[in-house]
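The values are calculated or read from the model by the stated rules, or taken from the named source; none is laboratory data. Nothing here was measured: the structure is a model prediction, and the numbers come from that model. Note that we place each Cβ from the backbone using ideal geometry, even for glycine, and neighbour counts take in every protein chain shown.
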């Protein structure tokens, strides 16, 4: 049975995340509420002596909210844009597949077993890769470390690169309804 954690620890996690998001928004960091929260919680868990706990059901609730938010913005105009950019979408899928195959080859070359190399190199949900890796006999600490590093690098570097390359302009408001 999991260890009981007090509600005080449950409240500390979103408060630390909110503080990190707020600080990141003050300095103009891209995606401040996601990246700032991630970094704040990560730093407090790794460097401070303040134990943080996962709020029960918060992850599923967050996924539900994000899914609704994305679904609400999926309009016929979005479908048109997806179709207009289908070549680059297919290119991205092929590039992701090739980079995953190369990553597996590199990890195998470094002496990792096949299951660890596969699940550590696959893009996707980090927790799902760890769970699948467990079922297939992977070294879970290495899968979790590789997935965490991948996630951290993507979340930190991609928005910053887009902001740098495209300029830090303000998003355009949605077009008015006809």
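Results, tabulated for the structure shown:
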| quantity | calculated |
| --- | --- |
| Cross-chain or 6+ apart pairs with Cβ under 7 Å, the stretch 73-101 first and within 27 Å of residue 150 (Cα to Cα), then part of a loop (DSSP other than H, G, I, E, B) | 96/123; 100/122; 100/123 |
| Filter pass, residue 142 being surrounded by fewer than 19 Cβ atoms within 10 Å (Cβ to Cβ), out of contact with any strand residue (DSSP E or B) (no Cβ under 7 Å at 6 or more places or on another chain), over 25 Å from residue 37 (Cα atoms) and modelled with pLDDT of 90 or more | no |
| Residue within the stretch 60-68 that is in contact with a helix residue (DSSP H, G or I) (Cβ under 9 Å, 6 or more places away or on another chain), surrounded by 11 or more Cβ atoms within 10 Å (Cβ to Cβ) and either within 18 Å of residue 148 (Cβ to Cβ) or assigned by TED's automatic domain parsing to the domain that holds residue 160 (or both) present | no |
